[in-house]
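The values are calculated or read from the model by the stated rules, or taken from the named source; none is laboratory data. Remember, predicted model here, so these are calculated numbers, not experimental data. Neighbour counts are summed over all protein chains in view; Cβ atoms, including those assigned to glycine, are modelled from backbone coordinates with ideal geometry. Side chains are part of the model used for accessible areas, which takes the heavy atoms of the whole protein and leaves out ligands, DNA and RNA. Shrake-Rupley method; radii C 1.70, N 1.55, O 1.52, S 1.80 Å.
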Amino acid sequence: MNSNARKNLIYSIVLLLMVLVVYFFRSQKSNIQTTETSAEQSGLVGFNGEILNEPYLVLYHPKIAGIETSVDSIFKVWNEKFSSDLPGSEIRDLNLKDTLLRPTKFQVDLLKSISKNHRETNFAWDPSSGPIDLQWNFSTSGARLRDSVNVAEILFLVGLQKIQFSDSLIRKTRSNIRLDLSDYGKALALDEVSSFLQKRGVQNYFLQLGRYTTSKGVNEKGEVWKAKLTYPSDSLGIKKEGFLALQNRSMAISGDFTSFYSQDSLRKTFKIDPRTGYPVGHGLLSAIVLADDSETAGVISESLMVRGWKEGIALDSANQEINLILVYNEKGSGLKMYVNPMLRKYLSFPVK
C-alpha cells in the first residue's frame, strides 16, 4: 500500500470515529432529555418517615407545594396522641389513671369508637387484651402457658366493657386496665392523611404504614395502584409474591400463613382469644381485608384472626362494603385460599 493510500485510510478511520462519537453523544443527550421530560411529566413525589415505631411511605402526583410538611405534621400529631410512652400522651394518661375527671373530647370520642368496634366484632377485637397475651408463649412446637398462671384471674384485667365513660367522667371498674392502641392509631393516622390529601386536591396517591395500605387514582404511569402481597402457591404453603390492584380502597393484612404451629393435624396461628384467654382453635392463618377506610379494614382483619375463617366467609358474603382474602386450613388438609369473587380479576395470580 502506497503512502497516499495509507493516509486516506487513516483519514477515513479517524473521520468514522469522529462521526460515531458525535452520534453517541447526541444519543446519550437525547436519552437524558427524554428521561427528564418523562420525570417532569409524571411528577411523582415520594417521601417517608416513622410513626409509632413503624415506617410510612407516601407517593403522590403531581407535586403540590407544602404537602410533605403538612403530612409529616399530621403523622407527628397522631404519634403523640397514640403513644403509650410519651409524656403528655392522652393514651398514656388514660392508662395510668383509674378515674379521669373532665376528659378531653378526644378521649371520649376515642372510647366511643373503640367500644363500637368492640361490640360489632362480637368482642373479638379488644385492645385491652395485653395482660392475657403476655401469659402465653408461642413457638412452632405449640402454645405454652406461663407457670402458675390463673387464666380466669388474668381475664379480670381484660375487656373494654370495664371502662365506663361519659362526657364528664372516665372510670375503670377494674384497676390496671390498659389499652394498646398503637395499631389502631396507625389506621386512623392513615385515614387522616388520606382525607387531607383529597381536601388539598391530590387525586392520585399511595400510602403505606405497617400492615396498612390505601390509595386513590392512578400511579405516574396511569395505572391503578397495586399493593404487594404474599400467597401460598400450593396446598403445602410454598410462599410466592403477587399484586392486588387496590381500586381506591384501603387494605389491612393480619397474620402470616408461614408462621404457625401444628396441633391435631391442624395448623394454628399465634393468637389468643381475648374472650376466653386461650389460643384460638380454628385454622385461619391470615386475613386480608379491603374496605373504604383503614380503620374498618384493620379492625375486621384483626377480629377475624380470633373469629376464624368460617365467620370470615360468612361476613364477606353478608357485607358488600368489604372484600376478603383468607388463607386457612381445615383439619388434616392443606392450605386453602378464599378470595372474594369480585377481587379475583384484580389479582396478578390465579386462584384455584
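Checked against (1) within 18 Å of Lys228 (Cβ to Cβ); (2) without any contact (Cβ under 8 Å) to a residue 40 or more places away in the chain; (3) among the hydroxyl-bearing types (Ser, Thr, Tyr), Ser294 passes all but a single condition, namely (2). Contact annotation: residue pairs with Cβ atoms under 8 Å, 6 or more positions apart or on different chains, pairing a residue in the stretch 216-234 that is of a type in the set (Gly, Ala, Ser) with a partner that is open to solvent by 60 Å² or more (accessible area, probe 1.4 Å) and not in a strand (DSSP E or B), are Gly217/Gln203; Gly217/Asn248. Among the residues of the stretch 303-312, is any in a strand (DSSP E or B) and open to solvent by less than 50 Å² (accessible area, probe 1.4 Å)? Checking the stretch 303-312: not a single residue is in a strand (DSSP E or B) and open to solvent by less than 50 Å² (accessible area, probe 1.4 Å).
Taking the criterion of being touching a Leu at 6+ places or on another chain (Cβ under 7 Å) and either closer than 24 Å to Ser129 by Cβ or free of Cβ contacts under 8 Å to residues at least 12 places away in the same chain (or both), the residues of the stretch 317-330 that qualify are Ile322, Leu326, Val327, Tyr328. Could you check, for the stretch 228-250, whether at least one of its residues is surrounded by 13 or more Cβ atoms within 10 Å (Cβ to Cβ) and acidic (Asp, Glu)? Checked against the condition, which is being surrounded by 13 or more Cβ atoms within 10 Å (Cβ to Cβ) and acidic (Asp, Glu), the stretch 228-250 yields no hits at all. Among residues of the stretch 180-198 that are hydroxyl-bearing (Ser, Thr, Tyr), those with a Cβ under 6 angstrom from a residue that is at pLDDT 95 or above, sequence gap 6+ or separate chain, pair up as Ser194/Thr214. Taking the criterion of being open to solvent by 10 Å² or more (accessible area, probe 1.4 Å) and touching a Pro at 6+ places or on another chain (Cβ under 9 Å), the only residue of the stretch 192-206 that qualifies is Asn204.
Within the stretch 153-163, is there a residue that is more than 26 Å from Leu315 (Cα to Cα), open to solvent by 10 Å² or more (accessible area, probe 1.4 Å) and in contact with an Asp or Glu (Cβ under 9 Å, 6 or more places away or on another chain)? Within the stretch 153-163, none of the residues are more than 26 Å from Leu315 (Cα to Cα), open to solvent by 10 Å² or more (accessible area, probe 1.4 Å) and in contact with an Asp or Glu (Cβ under 9 Å, 6 or more places away or on another chain).
The set of residues from the stretch 121-154 being free of Cβ contacts under 8 Å to residues at least 60 places away in the same chain and closer than 27 Å to Thr296 by Cβ comprises Pro127, Gly130, Pro131.
The single condition from (1) open to solvent by less than 40 Å² (accessible area, probe 1.4 Å); (2) more than 27 Å from the chain's Cα centre (by Cα); (3) among the aromatic types (Phe, Trp, Tyr) that Tyr184 fails is (2).
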